[in-house]
Structures are given as structure tokens and as C-alpha cells.
1. Looking only at region A:83-105, decide whether some residue is outside any helix (DSSP H, G or I), of a type outside the set (A, V, I, L, M) and on the phi > 0 side of the Ramachandran plot.
2. For the subset of region C:345-368 comprising residues that are part of a helix (DSSP H, G or I) and of a type outside the set (A, V, I, L, M, F, W, C), which member is nearest to the chain's Cα centre (by Cα)?
3. Only residues that are in a helix (DSSP H, G or I) and more than 8 Å from chain B (Cβ to nearest Cβ): list them for region C:325-344, please.
4. Condition first: of a type outside the set (V, I, T), without any contact (Cβ under 8 Å) to a residue 40 or more places away in the chain and not in a helix (DSSP H, G or I). Can you find one or more residues in region B:14-22 that meet it?
5. Given the condition buried (at least 20 other Cβ atoms within 10 Å of the Cβ) and either in contact with a helix residue (DSSP H, G or I) (Cβ under 9 Å, 6 or more places away or on another chain) or at pLDDT below 85 (or both), answer yes or no: does some residue in region B:188-199 qualify?
6. Considering only region A:249-277, state which residues are modelled with pLDDT of 85 or more and part of a loop (DSSP other than H, G, I, E, B).
7. Just the residues that are open to solvent by 20 Å² or more (accessible area, probe 1.4 Å) and more than 7 Å from chain C (Cβ to nearest Cβ), please, taken from region A:354-367.
Amino acid sequence: MTAGLSTLFREIRGNVVLWLLAVVPVVFAVKLRHPEAYTLLFVLSVLALVPLATLLSHATESVAARTGDAVGGLINATLGNLTELIIALAALRAGQYMLVKASIAGAIVTNTLFMLGASFLIGGLRHHVQEYNRVSARLQTSLLFLATIAMLVPSIVPDADFAASSTFTQQLSVGLSVLLIGTYALGLVFSLKSHREFFGSSDPAEHGEAALPLGMALATLAGVTVLVALVSEVFIESVQEAAVTLGLTSAFVGFIVVALVGGAAEMAAAFAGARKNRLDLSVGIALGSASQIALFVAPVLVLLSYVLGPTPMNLLFWPGAVVMMLISTLTAFLMTSGGRSAWFVGVLLLMVYLIFAMTLYLLPPAGQ
Amino acid sequence: MTAGLSTLFREIRGNVVLWLLAVVPVVFAVKLRHPEAYTLLFVLSVLALVPLATLLSHATESVAARTGDAVGGLINATLGNLTELIIALAALRAGQYMLVKASIAGAIVTNTLFMLGASFLIGGLRHHVQEYNRVSARLQTSLLFLATIAMLVPSIVPDADFAASSTFTQQLSVGLSVLLIGTYALGLVFSLKSHREFFGSSDPAEHGEAALPLGMALATLAGVTVLVALVSEVFIESVQEAAVTLGLTSAFVGFIVVALVGGAAEMAAAFAGARKNRLDLSVGIALGSASQIALFVAPVLVLLSYVLGPTPMNLLFWPGAVVMMLISTLTAFLMTSGGRSAWFVGVLLLMVYLIFAMTLYLLPPAGQ
Amino acid sequence: MTAGLSTLFREIRGNVVLWLLAVVPVVFAVKLRHPEAYTLLFVLSVLALVPLATLLSHATESVAARTGDAVGGLINATLGNLTELIIALAALRAGQYMLVKASIAGAIVTNTLFMLGASFLIGGLRHHVQEYNRVSARLQTSLLFLATIAMLVPSIVPDADFAASSTFTQQLSVGLSVLLIGTYALGLVFSLKSHREFFGSSDPAEHGEAALPLGMALATLAGVTVLVALVSEVFIESVQEAAVTLGLTSAFVGFIVVALVGGAAEMAAAFAGARKNRLDLSVGIALGSASQIALFVAPVLVLLSYVLGPTPMNLLFWPGAVVMMLISTLTAFLMTSGGRSAWFVGVLLLMVYLIFAMTLYLLPPAGQ
């Protein structure tokens, strides 16, 4: 245990991002003293979530690394987006479904365009041409494509009267959620078991250079999860007011800010992989994370809304969000089909992301 | 002739599906005695159409097999979807254009997603990885893509006043129909003649293990066509009332039920091919049938509506149907571009189909 | 200089199209005597623009050929669509933004479908199967895809009130324009510099069989630019009235007629390349021209509208035009991804073009 603690501390000292952990107590102190300082609380909670997400991601990987291939893969596959899930759960309990949906759509768009694009750009600037496993990329983008279709379908129904439409949307959302979770599970069976030889398992030395011992990892997992949940609460409470003060639309905050904060840890790992010419790792993190959010986190949230939320949440997205998810998925599909990349492929993906970010930033606030 | 008859009977005895032929006289009997028993007539006519479609398909193939490559290919290419055509003609004469269009869209969606997906799944569960001719798949999906564009275009026009728009839609539909039939013909020239070396002609032993003699085949073709036409009439008359009683939306019936009934024979052949690791046969049947309906059956129905229907029919589809056709076509295009398949590719296609079927099943009836 | 002049004259004599230069003075004469003869002026200005565009394109290439690879590539990349740019500028100064946008969308659609499709058809009828550099085709179609997304985004915004929306659209259009020009510049760096080994530089003997001397080329460039500008002015003034007289919708004129006239010179070169089995040249001209219009000409026009136009122009297109551009781009992307072509690929592209042309031709005039 002492060895575990010292490993943990050594890691915190070695990783500059983790120094931000010092902000965590500040968040709670400010929350107690100045509960109305929304903009300050917003900025502080964002700063606090970044190191917590990094720690959480590291603890998850350590647990996965210590429990053998099959269980480890499953843990990674279900807890890989724990930060996003906890933030979304906080928003769900507060009944802020617009924010939940924006953060889901934003995470999909951010991972497939920004995380993937920046990885290609960073890797491409160092290495002339990079190769990666295109079968694996194709599986993930196909799953994403399926999820996007599921999120598109509820909005193509002709205008029936509102009440009927509402029951319809609700039933359809539950059905689609079950179907997406099932497909995700079958996809795991396919890639981890039945056809695993096609999905070149990444080098074991790749992660866990300083894996925590199992006990410490589990304790960290539990402790940090509680902290993330508490900070998320502060974040969700302050985000709307802060957005108004900062002149940001809530669409921009949900799509861009939440997604970048929640995905900070994965991004660090993906970019490091690209620099080291391990593009399989980067592509796997970016697309795997996006497909997990689309086929696991989002449907789980719909089902959990029946237990946790004030009213059930559906899978009906704002049409613009559906279009953006569809374009992101199609772009990622078409750009990764060759299994080769160079810096300009990254530029193209980042430009699509910039187009979306710019649109959301300039969007007139809905209330005015 | 006696030899032919005995071949026919032997075939009927050997094929369990054909035992359902016994239902055919029952349909007519019930129709005479209880013309208002819509639900019973609906169920009976569905049961009767399945063996008739199988017989019709077999007779067509026998005629094709006996008449040499070029003529045979042409016969198969024009009569391959005879059942769908006859059912649609019955609906056309009754002026039920909604049903005609739903059955066209449904056949395209069902063939590209369900028939292809189930073939990949069935084949993939037996054989680890299967290969097929991707040039051929690409030709068919490209044709489908073109047809979907043709069906999308009439609905992107800005709101002009209704009368002008109506003339416009009518003229455009006739023009598009001529264009699609022309493209279909050129596609046959391309794949059967000018570049046939790329479209690996399937093994001659594949079909016609028990091909009927030409005379018997022609007689069967004529006789069964009449029977299908008569049963289709009963089916079309009963389908609407039965749908209400069974709690099914008419969109679901047109899209799913009619398409599955009309395509039963092709499905049996496609699934058998997949089991025997002859995936080229399965892909050819599924995509070939879909493109034939889109580029030949649908435009022929538009042109025939000027002669047979109460008013001309156009190519303007319900927007949801256009979206579903577009997604099906794009999915089939992207999923078959590699020329390789495994069971999970089948799962993905079937899931898209399930999403559509679920949506149509839950759809609130238009009239309420 | 005399040698230059004689080269110029020899070229004019040898090229039948250039005989149409005789129409140029006729345009100005008719304009002076009968300024209201709109239909005549329309037809004459179309006839005059074709040889002028050919001459302009040839002068640009001659300048590019004489100035070394890097500068030459840049000149070709910026002045390659000079005719289209001048025509659009004339429309811009007249405040005819509908026509400007229709001609941009039309040029993209015409180059990716008609020019590319006809090249494939012409080449394919002579040569059984043709190959070309698919990396290069993929770069151009990817750029086009990005531009289409940029033109799609302004129209997916939910209905805010008009004023806010108008500011929003304006700001977004400027931002998107800057972004597209930047991406275009980075694309040039990528294909002409950092990764140029993938973009097989075309044989130097390909162009400039009779390149003009530099001085003559520059003089021709300057002189013909002025003539094109003057004739364009006549064309823009007469096009609307002539369209009504000829029974053409303004959408058809902008999309089809202007695009065919403006692109006549490039088409001649692309078709000649296809006939000589130099498909790389054809694909490069067709897709390169389309991407240049989308990522350079269109955004430059938006930015110039602040200086030249009566009011700023935005990037908000008629939804039908966005759909057509999206389909064209996706079709070109999917059809060129293999790097091989045969005549039927050309037929497919041309059919999509015919579908669009037919729709625009039959479209009821907006004013009625």
C-alpha cells in the first residue's frame, strides 16, 4: 500500500497536469463561501476536472491491466468514458437534458474530428506518412455510423400531433437504446473474441508504464469518482450562468467546452501515441471513445433517466446536432478507410471541427 | 411434358415451402364466402404468396437457363422481381399509390439491409471470413445510389404553389423514369457484355439443379403469374383493414410485410448461397434485386400508371422513405466496398434494418 | 514580339473554337445599337465568351509554364478559373447574388459530374479500362467535401428572428471564407511541396505544345481579361430577360448555362486528355477546377462583396443547391476512390448531372 501510495505521488509529481489537483479543494471552498460566483466556479471546476479525469483514466487502465485481457478489455470498454458519464449523470439529475444531449453530441464530434485530427496532424508533422489498422478503424466508424442513424431516425417522422409524437419518441428511444447497447456488446465479442486476429492488440508495454497496484488503483477509482461527481455538480450548476456572463451560447458550452474537458485525459494519451508513431493507439482511443459514448453512454443515460431524472429523456436531438454527428461520422469513415495518414488529413478533420465550433460560437442565443 | 410435370411435382414434394400452395384455393374459397373477413384474408394471402413467389422465381430461372446466356440474363433481369411487380400493379390499379411507393421503398430497404445482412450473418457464422466480387457489388450499389438520388430530387424543390408543383413533379417523374430505365439498360450492356470479365459469371451449376423443361417452365410461368395476380388482388383489398385490426401502421405493412412476402423466394436462394460459401450469389441476388426494383420496376410503374391507374403516379416519396432509402444505399455501398465480410457486418446491416422496422412499427397512424 | 504574335495567330487559325473570336466585336456593336435586344445579346455573349475563355486559359498556362514549377503552380492554382471569377465579379457588382451563388454551385456540380463524367465516358469508349492517381483525386474530393460542409452549415441553424440570423449568417460567412482560403493554401503546400511525390507531377510535354512567349502571354492575359470583363457585363445584363424569353428558369441559366460557358476551355482540355489516355490530366482539371471554385473563388467573392457589392454577400445557399453540391461531391468521392474507370462510370456521373439539369429545367419560376 505504501509502495502504491508512493507510485501515485511520484506520478502526480511527474505529470504537470496533475498539479491542477490543487484546484479541487479551492472549488469546494469557493462553492461554500460564494455560491453565486458562477463564472469563477465554472472556470475552477473546469480546471479541477482536467486532472481528475486524467487520474480516473489512469486508475481505470491500471485496474484493466491487472485483471487480465478479457476482463480488462471489458473494464476499459465500460469505464473508459467514466468522466463523461458522471458529468452527464449530474446534468441528468438536474433535468438539464439539453446539456446532456449537447455533451453527447459534442463528445462524438470532438473525438472523431478534433482528437483524431489533432493526432493525425501531430503525428504527421513528425513522421512523413503514418499507417494504422484500417479494419479496426472501420469497425469503430461503422458502429458510429449506426449510432448516428439511430439518433437521426426519431427526427424524420412527419408532424403528428404532439402527444402521440411524444409517446412515440419515448418508446422509440428506449427501443433504440436497447438495440445500441446490444450492438456494442456484439461488437466487443467480435473484436475481442471471435475475430480478434484482425484487431492487432496493441503492444502491452504501451500503457501502464507506471501502472498502480490493484488495491491502490481501485481505491483511486472510488475516491476520484466521488470527487468528479462532486465537482461535476458544481460545474453543472454554474455552467448556464457562466455561459451568459462569458457571452458563450449554451450550445457552444455543451458541444465544445464540456467535450474538451471530459476528454482531456484521452486526448493527452492519443497525442502522445501519435508523436511516438503509434497511430493505432491514437485512432483506437479517438474512435473507440466516440463509439463508446454513442453506443453505450448515450443509451445508458436514456435508460437511467427513467430512474434518476425528473422525466424520461429521449434520443431526439436538435437537427443541427444530428447533421453535425452525421457529417463527423461520415468524414471519419471516409478519411480513415485507407489506413494511411499525413498531416493534411489532420488539417481537414480539424477544419471540419473548426467550422462546427465557429457556427456554434456565433449562433444567436435561443432565448433572444 | 409428363417428365416435366413429374419434375414439377417432385420439386413441390421436396420443398416444404411449396406445401403452402395448398393455401391458394383456400384464399379464393374464403374470399367468396366471407369477403369481409379482412384479417383472415390478409394472413391467408400472405401465406399463399410465399410459395407462389418461389414457384414463379424458379420458373423464371428455368426459362432463363434454357434460352442461352444473353437472352437468359435479360429474362432474369426483367422478370426477376415479377412477384413484386404484380403486387404493385394490383395496388396501382386500385389507385393505392401510397402502398405502391411504400412497397418500392420497402423492397429496396429490405433487400439491401435485411437480405444482404442476413446472408452475411448466416454465411459468417459458418465461415470465418467470406470474400465476394466487389466490382459487381459496387456496380449494383452505384446504380442504387443513382436511383435514390432520382427519388430524392423531386422533394428538394422549394414550395411553389401546389398546381405548378404538381405539373412539375409529374413531368419530372416521367423524365426521371425514362432516365433510370435507360441507365439500367446500359448497366446490363456493361456487366453482361462490354466488361463482363469483371463480373465473374456465376457457376452454371449454381441454379437449375432441377431446372424445368422449357415448355413446362413457360406454362408454369403463365399459370403462376395469373394466380399471383389473383391472390395479390385479395391481398391489396384486405391489407388496409387488416392492418388496423392487427394494430399495424400502413407504413409498416407496406415497407416490411409486403417486402418480406414479395422477396421470400429470393431470400431463400440468397441464404442458401451464403451457407454454401457462395457469397457472390447472395450479394448478387440481394443487391441485383434491389437495383432492379429501383431502376426498372419503380419507373415502369410510373409509366404504366398513365395507362392503368386512375391518375398518374409520380416519384415523390414521403421524406422519411427517401431518408431510409438513402441510408440503406449508402450503408450497403460502404459495407460492401471491401469485398470481404464476417458475421458482424451482417449484424450491422440487420441493426439498421431493425432501427427502421422499429420506427415504422411505432409510428403513430397518420389518420389520428 | 513578332514571333509571339505569329504564334498567337497560328494558334487562332488552328483552333476552330477561336474563330468565334469574330463574335466579340459583334457583341459590342449590337449592345450599342440595340441595347434592348436581350435574347440576341445573351446568345452573342455566350458565343463570345467561349473563345475568350479558351484564350485566357491558354495564356494563363503559358505564363505558368514560363515561370518555373512553384510560381507556375501557384499561378495556375489562382488564375485557373479566371473566366468564372470575372463573370461572377460582374454579377457581384450588379448585386445579383442569386446568380453569383447559382454560378458557384453550378460550376462545382458541372465540373464534378459533367466534366469528370464526360472525360470517363470519352476515355472509356476508346480505352477498355483507364487508371489514374487516386491519391490526387482523393485530395481534391476531400477538399470539395470540406467546402460543401462549409456551405451546408449556415442553413442548419434553427429559426432565430431574421435580424439576428442575418448578422449571424454574415459573420459566419466571413469566418468560413477565411477558413476555406486557408485550407486551400495548406492543400497547395501539401500537394506541391511537402508530399508532392504522391501527386505524380504531370508530364511537362502535356501542356504548352505551343506555349506563348512570356511577354505575349502576359499581354494576352491582360487584354483578354478586359474583353472577358466587358462581355461578361453584357452577359449579366441580358441573362435574366433572355431567360424569360427562352422559357428557361434563372436557376437553370445560373447552374447549367453559365457553368458550361465558363468551363468550356477546361472541358476541351480535359476531354482531349481522356482521349489520349492521360486520365490524370482530365481528373486533375475537373476536380482541381471544382475545388478551386469552392475553396478559393467562392470565399474570395464573399470577401470582395464588402468592397465591390452594394451589400455584403453571404455563403447561405438555396437548400436545393446545397443538396446538389453535397451529392455531387459525395458521388465524385465514391466514384474516384478506386483509381480505375470504365465508360459506365462516366455514364453514372452524367446521369446524376442529367437528373439535376432536368430538375432545374422543369422547376417552376420562383416568381409565379
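1. Of all residues in region A:83-105, those outside any helix (DSSP H, G or I) come to A:94-96.
From what is left, the residues that are of a type outside the set (A, V, I, L, M) are A:95-96.
If we keep only those that are on the phi > 0 side of the Ramachandran plot as well, we get A:95.
Taking every residue of region A:83-105 in turn, at least one turns out to be outside any helix (DSSP H, G or I), of a type outside the set (A, V, I, L, M) and on the phi > 0 side of the Ramachandran plot.
2. Pass one, region C:345-368, residues part of a helix (DSSP H, G or I): C:345-362.
Those still in the list that are of a type outside the set (A, V, I, L, M, F, W, C) too: C:346, C:353, C:359, C:361.
On the way: C:G346: 19, C:Y353: 15, C:T359: 21, C:Y361: 20 Å.
So the residue we want is C:Y353.
3. From region C:325-344, those in a helix (DSSP H, G or I) are C:325-336, C:343-344; that's our starting set.
C:M325, C:L326, C:S328, C:T329, C:L330, C:A332, C:F333, C:T336 - these are the residues of region C:325-344 that are in a helix (DSSP H, G or I) and more than 8 Å from chain B (Cβ to nearest Cβ).
4. For region B:14-22, residues of a type outside the set (V, I, T), without any contact (Cβ under 8 Å) to a residue 40 or more places away in the chain and not in a helix (DSSP H, G or I): present.
5. yes
6. Selection gives A:K276, A:N277.
7. Matches in region A:354-367: A:Y361, A:P365, A:A366, A:G367.
A quick yes/no check of all residues on (1) at pLDDT below 80; (2) under 22 Å from B:V347 (Cβ atoms); (3) aliphatic (A, V, I, L, M):
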position	(1), (2), (3)
A:R66	yes, no, no
A:L74	yes, yes, yes
A:R138	no, yes, no
A:D161	yes, no, no
A:S165	yes, no, no
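The values are calculated or read from the model by the stated rules, or taken from the named source; none is laboratory data. Note that the coordinates shown come from a computational prediction; the quantities given were computed from them, not determined experimentally. Neighbour counts run over all protein chains shown; Cβ positions are idealised from the backbone, glycine included. Each accessible area value is taken on the protein alone, full model and side chains, heavy atoms only, with ligands, DNA and RNA left out. Shrake-Rupley method; radii C 1.70, N 1.55, O 1.52, S 1.80 Å.
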